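To keep things clear, I will list the structure first and then write my remarks on it.
The values are calculated or read from the model by the stated rules, or taken from the named source; none is laboratory data. Just so it is clear, the structure is predicted and the values come from calculations on it, not from any experiment. Neighbour counts are summed over all protein chains in view; Cβ atoms, including those assigned to glycine, are modelled from backbone coordinates with ideal geometry. We work out accessible area using only protein heavy atoms, side chains counted, and drop any ligands, DNA or RNA first. Shrake-Rupley method; radii C 1.70, N 1.55, O 1.52, S 1.80 Å.
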Amino acid sequence: MKIRNIILYFIGSLAICSCDDMFEPAIENNRTLDVIPKESKYAHGLLMYGYDRLPYITTTQSDVATDDATTNMVNGKAIDAYYYIATGAWSSDSNPLSMWDGCKDGIQHVNLFLTMVDEVEWAPSAVSKQQMFIDRLKGEAFGLRALFYYYLLQAHGGYADDNVLYGVPLLTLPEDVSSDFNQPRATFAACVKQVFADCDSAMALLPFDYADVKTTEGIPAKYLSIGAQVTGFNLVFGDDSRGLMSAKIAEAIKAQTALLAASPAFREQSGVTSAEAATLCANVLKRIGGLNGFDMTGSTWYKNKNQLKPEAAEMPEILWRESRSKDSNQEERNFPPSMYGVGRVNPSQNLVDAFPMRSGRPITDPNSGYDPQNPYANRDPRLDDDIVYNGMQFGAAGNIVITGNYPEDNPDRDKNNGTLDNLNQDNATRTGYYMKKLLRNDVSTTNGFSRQDHIYPRIRYTEIFLAYAEAANDAWGPKADPTGIGFTAYDVIKKIRERAGLATDFMGLPLPEGDAYLEECANDQAKMTDLIRNERRIELCFENKRFWDLRRWLLPIDETVMGISIDRNEETKELTYKVFPVDERKFDSSFQYYGPIPKSEVLKWSNLKQNKGWQLH
């Protein structure tokens, strides 16, 4: 059964279980918590409510508030909320990036569940199944709570006026009408410790993967000793539970939290070093054999057709994902107008410039061979995977997308005109580019958008590999491995660039000089830091990472988004390219590296300190 269906079923059961009998209703039509021990579905619904509050975003949204992209939802249309904050309207009472309500709501339900999970009759007639259910469900709850706190730290952790780095109020028990809601924020370090503790608790109780066993040899001794059988074990820990919180997911959440805490924006008071973060990331990667488990097709998981089919095995690139879905929302939102889409996400020239040449050298390198009048030639193959640019063939029918100013070839549907107010039509690109990554290129638009299988990752292994490379390089340098992990930051980046096809010719054969730029960076820790960050930018573009990465790295957050205007000489047919400004980013680096605590909460509770600088915003 798909996990989303399970969640909907149990949330639904919460709604309808207020009736003892449809035809003979109780005098008081209310459910009270004292019935939960006897009603496992009602109890399980509390945990499923936590799943329903998972904070993952499945579409590209926050990237339009960075230097990687903008949106065409402007000029009197329904303004994109993330674009709105990027252009100066981010405030403590208008924050689409807030995780406060959703994550705290999830924590409340998880905490309530944890107070009663041991008392619920999950399988009262079978001791082994009862204990297995308790262990699994409790482990899920700990893992979910860790995840909620990680997202709260990312969105709301920061320095207050007393120069203390705070997280959020730490709540490990459910609140009720008698609770003191005026709780102070715990320090960031204390919150990290709680996340780590919850992840450890989850890992102690959960399997690393859910899978059916065929014999009792696959059942842990602690359950065999109380009479567990194959059927009962598979009911609790088997294939049907895939997609639920597992030990490997909890381990990955711990690694993500460690990377956040060891980043420049938080490291001074977080209590976590880059060496610790690297080790925790490596623990996740060792489970798949380190670099031996690196998926060489992982960067295009969204269009690896054989892996997207419902009958396909789990995808080697995806550590945790939502259920497969058959929809065309991404395509409808982001296909160019000439293909009946509305082109919402417009990649920036800034991002296009981040893709190196096929040799691996950045386009700013004097030895790269970059030609600004032939800007897409000999570039990193990932550029063709991720971005639709002028003259590219795209879509099931092989349409040629023209974003240049060619009046007879392009009836104003896909082009821009190279000005700040450059919407020729409501759905045209504002930058000269359309997003290609995440889209099924084989979606037909002939008679409406056809439905195709999609995967929405929550955690990708590439993200963890990049996290390891970042932390390991920061701790030990590009090629050092003092703890015997078995691979270095350099090894990871080399593998990622090999997968991308860098330092090869068009036949896929290695260039005589190899990846010379990588070798240069391997001898310079600072250059390797820049390279790792750029690889992360490319590999995770349009996956809602860039907004948070810029902030935790304390890098410039107010870079102007640039676009490309392309004209053609009608006699020679020669193209000329002009870079122009599209959007100014109006972030204030004096305080907006850290997100605000919601204004309404600060006004209600005197003990809740606001992050520095947000008091007047």
Acute angle (nearest 10 degrees) that the helix 127-156 long axis makes with the longest principal axis of the chain, alpha-carbon atoms: 40
Which loop-located GluC sites (Glu not before Pro) does segment 309-390 contain, where loop means any DSSP state but H, G, I, E or B and the Cβ has at most 13 other Cβ atoms within 10 Å? 311, 314
In degrees, nearest 10, range 0 to 90: what is the angle between the Cα axis of helix 247-262 and the longest Cα principal axis of the chain? 60
Between residue 116 and residue 333, what is the spin-label point distance in nm, taking each point 7 Å from the Cα along the Cα→C-beta axis? 3.6
Apply the Karplus curve 6.51 cos²θ - 1.76 cosθ + 1.60, θ = phi - 60°, to the phi angles in segment 58-71 and return the couplings in whole Hz, x for Gly and Pro. 8, 10, 6, 10, 5, 4, 6, 9, 10, 7, 8, 6, 9, 9
Rg [Å, one decimal], Dmax [Å, integer] - segment 303-353, C-alpha atoms: 14.8, 40
Kindly report the accessible area of the chain per residue (heavy atoms of protein chains, probe 1.4 Å, no ligands, DNA or RNA), in Å². 41
Run the quick spin-label model on residue 94 and residue 573: label points 7 Å from Cα toward the beta carbon, then report their separation in nm to one decimal. 5.0
So what are the radius of gyration and Dmax for the Cα set of segment 440-501, in Å? 18.4, 59
Amide H contacts of residue 70 (H built 1.01 Å from N, under 5 Å, at least 5 apart or other chain): 346, 348
Provide the gained length on full extension for the span residue 38 to residue 396, in nm with one decimal, where the gain is 0.36 nm per separating residue minus the Cα-Cα distance. 123.4 nm
What is the angle, in °, between the Cα long axis of helix 3-16 and the longest principal axis of the Cα atoms in the chain? Nearest 10 is fine, range 0 to 90. 50
Taking amide H atoms as placed 1.01 Å from N in the peptide plane, list the residues 5 or more away in sequence, or in a different chain, whose amide H sits under 5 Å from that of residue 458. 320, 321, 322
Once amide H atoms are placed 1.01 Å from N in the peptide plane, what residues at a sequence separation of 5 or more from residue 435, or on another chain, have their amide H within under 5 Å of its amide H? 345, 388
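Using r as the Cβ-Cβ distance of residue 296 and residue 213, and R0 as 25 Å, what FRET efficiency do you calculate, to the nearest 0.05? Numbers along the way, then the final one.
Details: r = 30 Å, r/R0 = 1.21.
Step by step, r from the Cβ atoms, then E = 0.25.
Mean separation of Cα pairs under 8 Å and 6+ residues apart, divided by the residue count of segment 101-197: what relative contact order is that in percent?
On the way: 100 pairs, mean separation 27.9, N = 97.
After rounding, I find 29 percent.
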Can you give me the % of accessible surface on the chain that is carbon or sulfur? Probe 1.4 Å, all protein chains present, nothing else counted. 50
Would you mind calculating the relative contact order of the chain from Cα pairs under 8 angstrom and at least 6 residues apart, reporting the percent as a whole number? 18
In whole Hz, what ³J(HN,Hα) sequence does segment 471-481 give by Karplus (6.51, -1.76, 1.60; θ = phi - 60°), x for Gly and Pro? 6, 5, 4, 5, 7, 10, x, x, 10, 8, 9
If you compute volume of the Cα convex hull per residue in Å³ for the structure shown, which of (i) 186; (ii) 171; (iii) 221 do you land on? (i)
Past 20 Å, Cα to Cα, is the threshold; run 254/609; 222/254; 104/138; 254/599; 104/609 against it and keep the listed order. 254/609; 222/254; 254/599
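Can you tally the net charge around residue 484? Count Lys and Arg as +1, Asp and Glu as -1, for every other residue whose Cβ sits under 15 Å from the Cβ of residue 484. Numbers along the way, then the final one.
On the way: positive: 286, 479; negative: 481, 491.
Around residue 484, the charge tally is 0.
Which of the peptides 605-611, 148-154 is most tightly packed, and how do the rest follow, judged by the mean count of other Cβ atoms within 10 Å per residue?
Working: 605-611: 17.4, 148-154: 24.4.
Result, highest mean Cβ count within 10 Å first: 148-154, 605-611.
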Test of understanding: what is the full-extension gain from residue 480 to residue 590, defined as 0.36 nm times their sequence separation minus their Cα-Cα distance? 36.1 nm
Given the Cα-Cα distance of residue 616 and residue 161 and 0.36 nm per residue of separation, how much length would full extension add, in nm? 162.5 nm
Please give me, ordered by residue number, the chymotrypsin sites (Phe, Trp or Tyr not before Pro) of segment 459-531 that lie in loop per DSSP and have at most 12 other Cβ atoms within 10 Å. 506
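For the chain, what is the mean residue ellipticity at 222 nm derived from helices alone (per DSSP H run of n ≥ 4: -39500 (n - 2.57); sum divided by total residues; nearest 500 deg cm²/dmol)? Provide the component values of the computation, followed by the final result.
Values: 21 runs with 226 residues, N = 617.
So the calculated ellipticity at 222 nm is -11000 deg cm²/dmol.
Once R0 is set to 51 Å, what does the formula 1/(1 + (r/R0)^6) return for the Cβ-Cβ distance between residue 226 and residue 305, expressed as a FRET efficiency to the nearest 0.05? Don't skip to the end; give the middle numbers.
Details: r = 45 Å, r/R0 = 0.88.
Efficiency, from the Cβ-Cβ distance: 0.70.
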Provide the FRET efficiency to the nearest 0.05 for the residue 340-residue 507 pair, computing r from the beta carbons and using R0 = 35 Å. 0.45
Could you check the simple spin-label distance between residue 559 and residue 105, using points 7 Å along Cα→Cβ, in nm with one decimal? 3.6
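Whole-Å semi-axes of segment 457-602's equivalent ellipsoid, largest first, each the root of 5 times a Cα gyration tensor eigenvalue? Intermediate values should be presented prior to the final figure.
Values: eigenvalues 183, 173, 37 Å².
The equivalent ellipsoid of segment 457-602 has semi-axes of 30, 29, 14 Å.
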